[in-house]
Structure formats: C-alpha cells, structure tokens
1. Residue check: is Leu132 assigned to a helix (DSSP H, G or I), in contact with a helix residue (DSSP H, G or I) (Cβ under 9 Å, 6 or more places away or on another chain) and loosely packed, with under 13 Cβ neighbours inside 10 Å?
2. Report yes if Arg36 is farther than 22 Å from Val307 by Cα, within 27 Å of the chain's Cα centre (by Cα), outside any strand (DSSP E or B) and not polar (S, T, N, Q), otherwise no.
3. Do you know which residues across segment 159-172 are loosely packed, with under 15 Cβ neighbours inside 10 Å and not aromatic (Phe, Trp, Tyr)?
4. Check Gly275 against each of (1) closer than 18 Å to Ala57 by Cβ; (2) at pLDDT 85 or above and name the one condition it does not meet.
5. I'm trying to understand the selection: among the residues of segment 97-128, which are in a helix (DSSP H, G or I) and over 25 Å from Ile238 (Cβ atoms)?
6. Could you list, in sequence order, all residues of segment 63-78 that are without any contact (Cβ under 8 Å) to a residue 60 or more places away in the chain and either under 23 Å from Ile308 (Cα atoms) or of a type in the set (Gly, Ala, Ser) (or both)?
7. Looking at Ala50, Ala146, Ala57, Ala99, which is the one that is surrounded by fewer than 18 Cβ atoms within 10 Å (Cβ to Cβ) and of a type in the set (A, V, I, L, M)?
8. For segment 256-278, name all the residues that are more than 14 Å from Phe90 (Cα to Cα) and among the β-branched types (Val, Ile, Thr).
Amino acid sequence: MTLDSPPATAPPPDADTDGGKARTRPGDRIFSGLARGSGITLLVIMAAIAVFLTWQASIALAENQGNFLTTFEWNVNADPPVFGIAVLAFGTIVSSIIAMVLAVPVSIGIALYISHYAPRKLAAPLAYVVDLLAAVPSIVYGLWGALFLVPHLTGLYLWMDDYLGWTGVFAYEGGAARSLFTAGILLAIMILPVVSNVSREVFRQAPKMHEEAALALGATRWEVIRMSVLPFGRSGVISASMLGLGRALGETMAVATVLSPSFLIDPSLLDPGGGTFAQNIAASFKEVSPAGVGREALIASGLVLFVITLLVNGLARLIIARRKDYSGANA
C-alpha cells in the first residue's frame with residue numbers, strides 16, 4: 001500500500017462479509033423485524049381506536065337534535081336526544097390550563113433543585129419521594145381532594161374574591177369549593193411528579209463541559225443553569241409538559257370526585273360547576289339507557305378528547321422540532 005492509497009475500510013463489527021457484500025447477522029434481522037412490527041402494531045391499534053370511535057360517534061350524531069359543538073345541554077335519554085360538548089370542552093381546557101400554569105414552574109424548580117442544588121444525600125431521597133407521588137392512584141388523589149382540599153380552599157377563595165374579584169374571573173359567591181379552579185389545583189398536584197421526573201433526567205444529561213466552562217469564566221450557578229442547562233433541556237421540558245398535559249386532559253376519577261358537574265359556563269372559575277370530557281363519561285355511563293344513543297353520545301365526546309390529545313401532541317412535536325437545533329443535544 002502506497003502513501004497515496006486510501007486506507008482500507010474495516011467492516012462494521014455487527015456485520016459479516018460475504019464476497020465483499022455486508023451480510024446482516026440473524027440476530028440483527030430478528031430485532032429489526034420485532035422493532036418494526038411493534039411500531040406497525042401501535043399504528044394499527046391507534047387506527048382501530050379512531051375507526052371505532054368515529055363509527056360509534058356517527059350513530060349518535062345522526063340522532064342528535066342539537067349542535068354537537070355548541071349545545072350546552074346533555075340529555076341523551078330525551079326523545080329526541082339533545083347533547084353537546086361546549087361545556088365539556090370549556091371545562092377540560094380551562095382545568096388543564098390551570099394545572100399547567102401551576103405545575104410546570106414548580107416542577108422545573110424541583111427538577112433543578114434535585115439535579116443541581118441539593119446535596120447528594122438529600123437529592124436521592126427527595127427524588128424517590130417524587131417518584132412515589134407519580135404512583136399514587138388517581139382515586140386516592142380524588143378522595144384527598146374531596147375530604148381535605150375542598151374544605152380548606154374556602155379561605156383562598158375569599159382572599160381571591162377580595163383582591164381579584166373585580167375581574168369577574170375570580171369572583172366568589174360562596175358555596176363549596178367544587179369548581180374548575182379546584183380541579184385545576186388537584187390536576188396540578190397529580191401531574192407535578194410526571195413533569196418533574198422527566199425534566200430532572202433531562203437536566204442531568206446537560207454536557208458537563210459546558211457547565212464547567214461557564215464556571216471557569218466566572219459564571220454563578222444560576223447563570224450556568226440559565227446559559228447551559230435550560231437551553232439544553234428545553235425540548236425535554238416541553239416533552240415532559242406534554243406528558244403532564246395528556247394526563248390532565250384525560251383524568252377521570254379525581255376530577256369527578258371534587259367537581260360539582262353542571263352544564264353551564266360560568267365566567268368565574270371559583271363558582272361551583274362545570275365539567276370535563278372524562279368526568280362526564282365516568283359519571284354518565286352507568287345512567288345511559290340501553291335503548292337510546294347515550295353510550296354512543298359519550299363515545300362521541302371521547303372522540304373529541306382523542307382528537308384534542310392528538311393535536312396537542314402534534315403541536316408539541318412541532319415545537320420540539322423547531323427547537324432541537326438549540327437544545328445542545330448535538331454539542
């Protein structure tokens with residue numbers, strides 16, 4: 001071999017050569033087939049769910065005498081049935097937004113404290129406790145919310161009415177604190193460990209060389225986090241937030257336990273009433289008449305929730321795709 005000749009290229013370690021052609025090992029072919037089959041199976045299941053929901057929803061919508069998107073009434077046992085999702089969509093979106101506004105900043109703070117501030121002897125137990133919160137069943141959260149959270153929120157409601165009641169959004173006229181705001185607080189507590197755990201693991205993957213370089217240049221710990229850790233973990237935090245939002249959108253028993261359902265849209269978030277898709281399905285399923293279209297109507301509302309969830313996750317993927325060049329993952 002002369003000095004001008006290119007170096008010989010060695011075959012990859014996981015491939016055999018047969019007459020100059022790369023030959024994939026049987027184990028690699030099996031694993032590749034299983035991985036591809038798993039992905040196809042997931043797509044088939046999602047398509048089957050979408051087809052089933054659409055088919056059942058079409059049966060109910062054909063019998064509905066109201067506008068499904070704008071009607072405030074839900075009377076599937078009437079003749080003819082009248083039902084709509086205006087109140088359910090409003091309650092689901094509002095309670096989820098409240099949960100995200102309350103939970104995401106706190107979750108990021110917890111994740112940063114565990115990953116960059118807490119002593120090692122404290123960080124491990126604290127992370128374990130946060131992990132345990134994610135494993136608590138939703139019905140337990142619901143019972144705690146109904147028996148403890150609702151009675152103790154009256155003082156907060158009165159304070160918000162005194163200082164923010166002029167806005168109309170936080171006006172409080174008395175009664176039990178079984179409102180969308182209470183449901184949002186409970187959902188925030190439920191999604192907090194999910195967002196915190198994922199964000200913590202992302203922050204731990206931040207390149208140490210970036211942090212050490214910032215410290216060597218005289219940056220404070222907060223400046224290191226602001227310039228190195230947060231930009232790197234931005235995509236991960238968005239993904240974690242979308243996971244939490246998915247749970248908030250579909251939460252059933254906890255919301256049904258603390259919310260006083262009604263089919264009125266009240267401008268105040270503190271007044272009792274409201275409803276969500278999942279809560280309405282759980283509360284109404286056992287009351288539907290077998291002879292009517294009550295079950296199909298609930299499935300139609302579930303189809304709307306299914307579409308909302310897909311749109312939210314699709315939007316999250318678009319945001320992550322636009323931000324990936326700044327995440328530091330390629331550094």
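1. Here the answer is yes, as Leu132 does meet what is asked.
2. Working: farther than 22 Å from Val307 by Cα: yes; within 27 Å of the chain's Cα centre (by Cα): yes; outside any strand (DSSP E or B): yes; not polar (S, T, N, Q): yes.
It is true that Arg36 is farther than 22 Å from Val307 by Cα, within 27 Å of the chain's Cα centre (by Cα), outside any strand (DSSP E or B) and not polar (S, T, N, Q).
3. Asp162, Leu164, Thr167, Gly168, Val169, listed by residue number.
4. Only one criterion is unmet by Gly275, namely (1).
5. Within segment 97-128, the subset in a helix (DSSP H, G or I) is 97-117, 120-128.
Within segment 97-128, Arg120, Lys121, Leu122, Ala124, Pro125, Tyr128 meet the criteria.
6. Gly66, Asn67, Leu69, Thr70, Thr71, Ala78
7. The match here is Ala50.
8. Result: Thr257, Val258.
The values are calculated or read from the model by the stated rules, or taken from the named source; none is laboratory data. Note that this is a predicted model, so its numbers are computed, not measured. Here the Cβ is made from the backbone with ideal geometry for all residues, glycine too, and neighbour counts use every protein chain on show.
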